[in-house]
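Have a look at the structure below before the remarks.
The values are calculated or read from the model by the stated rules, or taken from the named source; none is laboratory data. The shown structure was predicted, so the numbers you read here are calculated from the model rather than taken from an experiment. Heads up, the Cβs are rebuilt from the backbone with ideal geometry, glycines too, and the neighbour counts pull from every protein chain shown. These accessible areas exclude ligands, DNA and RNA; they are computed on the full protein's heavy atoms, side chains included. Shrake-Rupley method; radii C 1.70, N 1.55, O 1.52, S 1.80 Å.
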Amino acid sequence: MQQDKIIVLDFGGQYAHLIANRVRRLGVFTEIFPPTAPVEDFKDAKGIIYSGGPASVYAADAPDYNPEILSIPVPKLGICYGHQLIATQLGGAVRPGKVKEYGIADLTVGDANHPLLKDIPASSPMWMSHGDMVERLPEGYRVIASTKDCPIAAVALDEKQIYGIQFHPEVTHSQYGMKLLDNFISICGCNRTWNMKSFMPLITERIRREVGNRKVFLLVSGGVDSTVAFVLLNKVLGSERVMGLHIDNGMMRLDESQKIIEFLKAEGMMNLRVVDATDAFLSKLAGITAPEEKRKRIGATFLEVKDVEMKKLNLDPSEWMIAQGTIYPDTIESGGTKNADLIKTHHNRVKEVMDLMKQGLLLEPLADLYKDEVRMLGEELGIPHNLVWRHPFPGPGLGVRLLCATGKESFAKESDIEGLAEYLKENRIEGYVLPIKSVGVQGDGRTYAQPFLITTPGLSWKECERLSTELVNRFKVINRVIWQVGSVAADKPQLVEQYATRNNFDTLRKFDNICTEFLQSNGLYEKIWQMPVVLTPLRVAQKPCIVMRPVNSTEAMTANFAQIDQQLLSGLWQQFKADGAGSLWYDVTHKPPGTIEWE
Ligand code: XMP
């Protein structure tokens with residue numbers, strides 16, 4: 001069966017994935033293309049959405065774009081940057097908005113009969129985030145909706161089925177944003193057939209075609225994605241043609257691997273080998289502190305261990321493909337950010353993996369799917385609910401949650417930062433810029449900077465959110481803000497030497513497990529999308545300081561810190577204290593500017 005498809009052009013930032021994911025939720029398959037894609041690539045598309053992006057259309061650094069795309073005879077929707085780009089291409093003009101509009105604005109519908117605005121109330125909240133806006137419309141365009149500060153908020157060039165909107169329908173703050181995307185799908189005349197039931201025959205056919213008469217060797221990390229991939233491959237190819245290898249890298253969560261292995265074996269999948277390679281990984285990480293270096297070493301070690309195991313099994317590399325559970329967001333480089341900094345090296349995109357791909361030796365059966373789709377597919381395949389809905393766990397595991405330090409690094413202190421003391425005084429809060437760093441994302445680039453710890457007790461989450469946004473925006477040295485749930489002493493945390501050792505992972509595993517049980521026993525596990533727990537190289541009264549980072553997200557491109565009842569947290573802190581923690585800190589940074597993982 002042919003799936004109808006809408007193509008999303010990626011002009012950078014986090015927008016394209018959000019749009020593509022939302023349209024899929026409405027039942028239409030989407031693919032993300034760079035804006036330079038040749039016209040031939042669009043032959044199956046029933047519609048094209050031009051995403052938002054951080055650049056300005058006239059700027060020298062504006063993403064390259066193939067102008068011929070506009071002549072493809074299918075409906076087009078430009079969002080924010082995309083809307084401005086189409087308008088300028090057709091002879092309109094864009095200028096910096098008099099008032100920069102960030103946040104929720106009331107959209108007033110001008111033409112309630114327009115198909116793009118069908119069933120959208122006369123006035124409804126939509127999310128705005130732009131400086132520039134369209135000032136002069138190209139010929140033939142007409143305005144169909146506006147906001148107070150943006151008279152040209154939605155436009156239509158009906159005879160060419162070109163539409164433009166200045167707001168972001170893809171974010172949840174836009175109450176009728178989904179409705180608008182749904183209307184666009186109707187304009188494109190798409191059948192809404194995309195779901196995991198209809199995906200099964202497509203992927204079955206694709207796997208059989210790509211594998212041919214070879215066999216498949218899959219690294220089963222124990223995470224949701226690789227578990228689903230393993231069950232899928234077993235079903236499609238049969239267990240004789242699939243071999244799973246679970247490499248315990250010593251950085252798994254408590255009993256995590258065990259649970260998966262037990263499930264797979266109970267389902268009759270005996271074609272899973274388990275190897276404990278803790279020593280190999282730890283020796284590669286000895287003395288290493290830089291996060292990217294750790295990630296690269298972990299990624300490369302997975303492949304080395306895999307090679308050793310394949311040799312032991314005497315598998316002929318010409319008969320076996322390598323498979324991994326990579327999902328869609330990991331495969332796409334953001335179009336408008338091709339020159340932007342690398343934020344994090346994903347373990348399934350290291351050089352060695354890319355080499356396998358070039359040689360046609362790599363199979364990635366989930367590479368078209370978003371996380372929520374992988375989970376739906378998992379349920380479709382009959383994997384138990386509690387396994388499918390486990391929190392995402394990164395390939396490098398606790399390796400990116402155990403911060404390493406020589407203890408001799410130098411860092412900025414509060415007194416080095418101009419204006420910080422005044423800011424703290426004005427807001428009546430106390431705290432420290434901590435002598436550690438974590439990764440973040442701002443604009444479209446990677447940051448690696450210090451967290452600010454607020455030690456003032458009794459702050460509401462709303463207050464924490466405001467302070468977090470302001471501190472990160474005002475002070476370059478700070479890219480993350482954490483709030484103190486509890487501490488055994490009022491002393492300033494001290495930096496110590498800390499590396500990726502078995503003992504340190506055991507400590508982290510213990511506190512991580514306390515946090516997981518806390519979520520489960522309070523009915524929060526499925527209400528929170530993911531909750532990394534980070535062991536910092538900081539000590540209070542010689543005891544370790546730990547950060548919890550509960551977040552809510554749909555596809556990890558953006559995330560909000562989750563707001564757990566603070567009464568419950570004091571119970572958690574008592575447990576932490578009893579188990580030897582020095583401090584428990586709570587990350588109150590959204591993504592962006594913080595990433596979900598600290599490294
Ligand atoms: P960040 O930290 O970039 O994480 O906000 C977004 C999501 O990706 C997960 N993550 C990874 N997953 N291999 C993975 O399979 C990796 O190397 C990796 N790094 C981060 C992270 O847990 C979050 O869900």
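In the structure displayed, which of K215/K265; K492/K591; K235/K294; K5/K294; K351/K492; K148/K425 lie more than 31 Å apart, Cα to Cα? Provide the component values of the computation, followed by the final result.
Numbers: K215/K265 20 Å; K492/K591 27 Å; K235/K294 35 Å; K5/K294 39 Å; K351/K492 41 Å; K148/K425 36 Å.
K235/K294; K5/K294; K351/K492; K148/K425, as the Cα separations exceed 31 Å there.
For segment 32-80, just the Cα atoms, rotate onto the principal axes and tell me the three extents in Å, largest first.
That gives 31, 19, 18 Å along the principal axes, largest extent first.
Only sites in a loop by DSSP and with at most 11 other Cβ atoms within 10 Å count here; which trypsin sites (Lys or Arg not before Pro) in segment 8-66 make the cut? The partial results should precede the final answer.
Values: sites: R22, R24, R25, K43, K46; in loops: K43.
Loop-located and lightly packed - K43.
Which three semi-axes in whole Å describe the equivalent ellipsoid of segment 68-130, each the square root of 5 times a Cα gyration tensor eigenvalue, listed largest first?
Working: eigenvalues 103, 73, 18 Å².
The answer is 23, 19, 10 Å, longest axis first.
Given H placed on each backbone N at 1.01 Å, which residues far from M133 in sequence or on other chains put an amide H within less than 5 Å of it?
R95, G97
Amide H to amide H, which residues 5 or more places from I49 or on other chains are under 5 Å from it, using H placed in the peptide plane?
HN-HN under 5 Å from I49: I7, V8, L9, L77.
Across segment 449-458, in residue order, what do the Karplus-derived ³J(HN,Hα) couplings come to in whole Hz, using 6.51 cos²θ - 1.76 cosθ + 1.60 with θ = phi - 60° and x for Gly and Pro?
Using θ = phi - 60°, the values come out as 8, 8, x, 9, 9, 8, 9, 5, x, x Hz.
Based on the mean of other Cβ atoms within 10 Å per residue, sort peptides 430-442, 164-176, 518-530 so the most packed one is first.
On the way: 430-442: 20.9, 164-176: 22.9, 518-530: 15.3.
Ranking, from highest mean packing down: 164-176, 430-442, 518-530.
In whole Hz, with x marking every Gly and Pro, tabulate ³J(HN,Hα) for segment 553-561 from phi via Karplus 6.51 cos²θ - 1.76 cosθ + 1.60, θ = phi - 60°.
Each residue's phi maps through the Karplus curve to give 6, 10, 9, 6, 6, 10, 7, 10, 5 Hz.
Check which residues have an amide H placed less than 5 Å from G486's amide H, if you skip close sequence neighbours.
L584
Across bins of 10 angstrom width beginning at 0, how are the C-alpha pair distances of segment 5-188 distributed, in whole percent?
Per 10 Å bin, starting at 0, the Cα pair percentages come out as 10, 43, 39, 7, 0.
Just want to confirm a number: the relative contact order over the chain, from Cα pairs under 8 angstrom separated by 6+ residues, in percent. It would help to have the intermediate numbers written out before the result.
Working: 1204 pairs, mean separation 69.4, N = 599.
Relative contact order, the chain: 12 percent.
Leaving out ligands, DNA and RNA but keeping every protein chain, what accessible area does W127 have, in Å² rounded to the nearest 10, with a 1.4 Å probe?
70
Cut-off under 16 Å on the C-alpha distance; same-chain residues fewer than 8 positions from K160 excluded. Which aspartates and glutamates are left, in chain and number order?
Within reach: E68, E139.
Can you tell me the order of 554-561, 398-405, 199-206 when each peptide is scored by its average per-residue count of other Cβ atoms within 10 angstrom, highest first?
Details: 554-561: 19.9, 398-405: 23.2, 199-206: 14.9.
Order by mean packing, descending: 398-405, 554-561, 199-206.
Could you go through segment 475-491 in sequence order and give the Karplus-derived ³J(HN,Hα) for each residue, using 6.51 cos²θ - 1.76 cosθ + 1.60 with θ = phi - 60°, rounded to whole Hz, and x for Gly and Pro?
For segment 475-491, the Karplus curve yields 10, 4, 5, 9, 10, 7, 10, 10, 10, 7, 6, x, 8, 6, 8, 7, 5 Hz.
Report, to two decimal places, the Cα Rg of the chain normalised by 2.2 N^0.38 Å (N = number of residues).
Numbers: Rg = 25.1 Å, N = 599, 2.2 N^0.38 = 25.0 Å.
Output field value: 1.01.
In segment 414-587, carbon and sulfur make up what percent of the accessible area (probe 1.4 Å)? Could the numbers behind the result be given before it?
Working: 3340 of 7310 Å².
Solvent-exposed carbon and sulfur of segment 414-587 make up 46 percent of the total.
Express the accessible area of the chain per residue in Å², computed with a 1.4 Å probe while the remaining protein chains stay in the model. Let's see the in-between values first.
Values: 24400 Å² over 599 residues.
Per residue, the chain has an accessible area of 41 Å².
Mind ordering 72-85, 234-247, 4-17 by average Cβ neighbours within 10 Å, highest first? Provide the component values of the computation, followed by the final result.
Values: 72-85: 24.1, 234-247: 19.1, 4-17: 26.0.
Descending packing order for the listed peptides: 4-17, 72-85, 234-247.
With a 1.4 Å probe and every protein chain kept in, tell me what percent of the accessible surface of segment 151-304 is carbon plus sulfur.
Values: 3000 of 5970 Å².
On segment 151-304, the fraction of accessible area on carbon and sulfur atoms equals 50 percent.
Could you work out the pair-distance distribution P(r) of segment 414-587 from its alpha-carbon pairs, with 5 angstrom bin width and percents rounded to whole numbers?
Pairs per bin, as whole percents: 1, 7, 17, 21, 22, 17, 10, 4, 0.
Any of K413/K543; K344/K371; K284/K311; K344/K577 with alpha carbons more than 29 Å apart? Name them for me.
Numbers: K413/K543 22 Å; K344/K371 18 Å; K284/K311 21 Å; K344/K577 33 Å.
Too far apart for the 29 Å limit: K344/K577.
Hey, which lysines would be in cross-link range of K408, C-alpha to C-alpha under 16 Å, not counting anything within fewer than 8 residues on its own chain?
Those lysines meeting the cut-off are K437.
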